[in-house]
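Read the structure below first, then the notes.
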Amino acid sequence: MIPFALVSPSTGHPLKPDGPHALRDAETGERWPVIDAIPYLRVGREALRERVLAHLDAGEMDEALCAILADQDDWWNGPPADPADLITLIRERRTATLRDAVRLLGWGRVGDYFLHRWSDPTYLAGLALLEAHWNEPVCVFEFACGIGHYLRELARRGCKVSGADVVFAKLWVARHWVVGENAQLVCFDAGSPHWPIPGAPVDLVLCNDAFYFLDDKPRVLDSLRQMAGDEGWLSISHIHNRDCPGFSAGKAVAVEDIAELFPDALVYDDQELTRSLEEARAPIPHEPGDLRTCEAFSVVAGPGMRPAPRSVIDGLTLPKAGTHLSLNPLYVPEGETYAIRFPSERYAAEYGPRVTYPERSPGPERLTYAGEMSAPETARVRTREFVDLPERW
């Protein structure tokens with residue numbers, strides 16, 4: 001993991017450990033909870049923070065966790081999590097599956113998104129973007145990392161990884177089901193008065209399928225650029241185009257915004273990235289003005305980026321040799337083959353037209369990736385007919 005020094009999001013003062021479950025601002029005495037090595041540094045949640053700290057100070061760990069797992073971002077419009085379900089998840093977290101976790105957390109369509117992200121076209125676009133400009137980074141930070149899909153992949157490639165998200169529950173799921181202990185995870189708001197991780201430049205800064213949600217994009221981007229420092233680079237994928245409305249909420253941008261925010265960037269059509277992975281070729285960047293009709297933009301920027309896409313493929317987009325793969329869980333038995341069954345009409349409408357895996361699969365249900373498979377077998381892995389799922393998916 002990357003040992004970031006943390007500062008208070010409200011004062012900017014350094015935070016120091018205050019027992020095993022809290023951090024303290026040495027100048028003001030203000031305290032912030034820490035559960036499962038994940039600091040909770042959200043502003044505007046004072047009542048929740050004090051309640052969680054009171055539980056922690058009293059040794060009531062499960063009660064503290066139950067309270068903090070119910071916290072959501074400001075875009076959430078679903079029902080609140082059922083406290084009884086949260087208690088069940090906390091009690092069974094060592095044996096529960098990832099599917100159990102997203103169900104008991106009450107994540108609905110967001111849960112569908114996380115469970116199947118390993119094969120959705122926007123995730124593959126982000127992988128293809130990294131692949132095209134890969135330069136062997138050592139330290140990686142992902143902003144709005146969700147439950148850690150990219151962090152898991154990069155950690156397995158030998159990178160030291162760290163991630164942040166506004167929703168504590170997502171980071172907690174990342175810790176227990178996806179990434180494990182070898183990542184520093186921090187919960188904070190993008191709009192905090194002070195960026196809680198102001199120093200420690202990293203080689204690569206990621207932000208995938210989240211940048212368009214931000215209110216003050218220039219300010220956050222400036223913070224991300226500072227993290228990349230003088231030698232790092234940024235990979236920001238799936239930024240929704242305001243002129244091509246899609247399914248996601250948030251505050252999309254136009255090509256003029258992309259040009260202004262990223263004057264040093266190479267800009268891609270997100271769908272071009274997905275197609276390039278499927279077709280086993282390098283992606284083609286475009287001038288922002290040529291992408292007015294694309295659904296989403298993806299960019300690489302910063303002093304450390306490769307100035308042109310590599311022609312080398314499959315270094316990141318295929319698993320390591322010996323990896324045990326599962327048939328994409330979106331396939332269900334139908335006769336002698338398997339057919340796709342999407343988890344909802346919304347999911348089918350948003351992702352169905354762009355998925356890379358075929359409508360039917362002959363199976364088998366398991367496959368071990370050999371690293372030197374035949375072209376047809378490799379294609380089945382590249383297109384995510386077979387996927388590398390967490391052990392407790």
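The values are calculated or read from the model by the stated rules, or taken from the named source; none is laboratory data. Computed from a predicted model, the values in this text were never measured in an experiment. Don't worry about glycine lacking a Cβ; one is built from the backbone with ideal geometry, like all the others, and counts go over all protein chains shown. Remember, those area values only see protein heavy atoms, side chains included, never the ligands or the DNA or RNA. Shrake-Rupley method; radii C 1.70, N 1.55, O 1.52, S 1.80 Å.
I'd like the full set of residues that are among the acidic types (D, E) and either assigned to a loop (DSSP other than H, G, I, E, B) or more than 23 Å from P79 (Cα to Cα) (or both), limited to the stretch 106-147.
Result: D120, E131, E136, E142.
So V332 passes all but one of these: (1) out of contact with any Lys or Arg (no Cβ under 8 Å at 6 or more places or on another chain); (2) without any contact (Cβ under 8 Å) to a residue 24 or more places away in the chain. Which condition number does it fail?
(1)
Taking R103 as the residue in question, decide whether it is open to solvent by 30 Å² or more (accessible area, probe 1.4 Å) and either part of a loop (DSSP other than H, G, I, E, B) or touching a Phe, Trp or Tyr at 6+ places or on another chain (Cβ under 7 Å) (or both). Reasoning before the result, please.
Values: open to solvent by 30 Å² or more (accessible area, probe 1.4 Å): yes; either part of a loop (DSSP other than H, G, I, E, B) or touching a Phe, Trp or Tyr at 6+ places or on another chain (Cβ under 7 Å) (or both): no.
No: the conditions fail for R103.
Of everything in the stretch 133-150, what is over 11 Å from C207 (Cα atoms) and under 8 Å from the mean Cα position of the chain (by Cα)? Give them in sequence order.
I147, G148, H149
Could you list all residues from the stretch 297-308 that are part of a loop (DSSP other than H, G, I, E, B) and open to solvent by less than 40 Å² (accessible area, probe 1.4 Å)?
From the stretch 297-308, those part of a loop (DSSP other than H, G, I, E, B) are 302-308; that's our starting set.
Once the filter is applied, which keeps residues that are part of a loop (DSSP other than H, G, I, E, B) and open to solvent by less than 40 Å² (accessible area, probe 1.4 Å), the stretch 297-308 yields G302, G304, M305.
Regarding the stretch 323-346, can at least one residue be identified that is surrounded by fewer than 17 Cβ atoms within 10 Å (Cβ to Cβ), touching a strand residue (DSSP E or B) at 6+ places or on another chain (Cβ under 9 Å), closer than 30 Å to W233 by Cβ and not aliphatic (A, V, I, L, M)?
Yes, that holds for at least one residue.
Which of the residues spanning the stretch 166-179 are closer than 21 Å to L6 by Cβ and out of contact with any Gly (no Cβ under 6 Å at 6 or more places or on another chain)? Talk me through it step by step, then tell me what you get.
The initial filter retains those residues of the stretch 166-179 that are closer than 21 Å to L6 by Cβ, namely 166-172, 174-175, 179.
Once the filter is applied, which keeps residues that are closer than 21 Å to L6 by Cβ and out of contact with any Gly (no Cβ under 6 Å at 6 or more places or on another chain), the stretch 166-179 yields V166, V167, F168, A169, L171, W172, R175.
Which numbered condition trips up I239, out of (1) among the aliphatic types (A, V, I, L, M); (2) farther than 21 Å from R42 by Cβ; (3) assigned to a loop (DSSP other than H, G, I, E, B)?
(3)
Residue by residue through the stretch 7-40, note down the ones that are closer than 25 Å to V179 by Cβ, open to solvent by less than 50 Å² (accessible area, probe 1.4 Å) and touching a strand residue (DSSP E or B) at 6+ places or on another chain (Cβ under 7 Å).
Once the filter is applied, which keeps residues that are closer than 25 Å to V179 by Cβ, open to solvent by less than 50 Å² (accessible area, probe 1.4 Å) and touching a strand residue (DSSP E or B) at 6+ places or on another chain (Cβ under 7 Å), the stretch 7-40 yields V7, P9, L15, A22, L23, W32, P33, V34, I38, P39, Y40.
Take the stretch 327-363 and flag every residue that is part of a loop (DSSP other than H, G, I, E, B) and over 16 Å from T383 (Cβ atoms). Write out each step before concluding.
Our first condition is that a residue be part of a loop (DSSP other than H, G, I, E, B); within the stretch 327-363, this holds for 328-330, 335-336, 341-344, 355-359, 362-363.
Matches in the stretch 327-363: G335, E336, R341, F342, P343, S344.
Which count do you get for residues in the stretch 93-109 that are within 14 Å of L65 (Cβ to Cβ) and either modelled with pLDDT under 95 or of a type in the set (D, E, K, R) (or both)?
Looking only at that region, the number is 2.
For the stretch 258-287, give me each residue that is touching a Lys or Arg at 6+ places or on another chain (Cβ under 8 Å) and among the charged types (D, E, K, R).
E278 - this is the single residue of the stretch 258-287 that is touching a Lys or Arg at 6+ places or on another chain (Cβ under 8 Å) and among the charged types (D, E, K, R).
Applying the selection to the stretch 175-185, what residues are surrounded by fewer than 24 Cβ atoms within 10 Å (Cβ to Cβ) and under 23 Å from R45 (Cβ atoms)?
Listed by number, the residues that qualify are R175, H176, Q184.
Cβ contacts < 7 Å: first residue touching a residue at least 24 places away in the same chain (Cβ under 8 Å), restricted to the stretch 202-227; second residue open to solvent by 20 Å² or more (accessible area, probe 1.4 Å) and part of a strand (DSSP E or B), any location; separation 6+ or different chain. Result?
V202/C139; D203/C139
When both residues are 6+ apart or on different chains and their Cβ atoms are under 6 Å apart, which pairs have a first residue that lies in the stretch 296-307 and is closer than 12 Å to C207 by Cα and touching a residue at least 40 places away in the same chain (Cβ under 8 Å), and a second that is open to solvent by less than 40 Å² (accessible area, probe 1.4 Å) and of a type in the set (S, T, N, Q)?
Filtered contacts from the stretch 296-307: S298/S237; V300/S235.
Which members of the stretch 224-247 meet the condition of being open to solvent by 10 Å² or more (accessible area, probe 1.4 Å) and of a type in the set (A, V, I, L, M, F, W, C)?
Answer for the stretch 224-247, where residues must be open to solvent by 10 Å² or more (accessible area, probe 1.4 Å) and of a type in the set (A, V, I, L, M, F, W, C): C244, F247.
Restricting to the stretch 269-295, name every residue that is within 19 Å of R384 (Cβ to Cβ), buried (at least 16 other Cβ atoms within 10 Å of the Cβ) and among the aliphatic types (A, V, I, L, M). It would help to see each step written out before you state the result.
From the stretch 269-295, those within 19 Å of R384 (Cβ to Cβ) are 270-281, 283; that's our starting set.
Still in the running and buried (at least 16 other Cβ atoms within 10 Å of the Cβ): 270-278, 283.
Of everything in the stretch 269-295, those that are within 19 Å of R384 (Cβ to Cβ), buried (at least 16 other Cβ atoms within 10 Å of the Cβ) and among the aliphatic types (A, V, I, L, M) turn out to be L273, L277.
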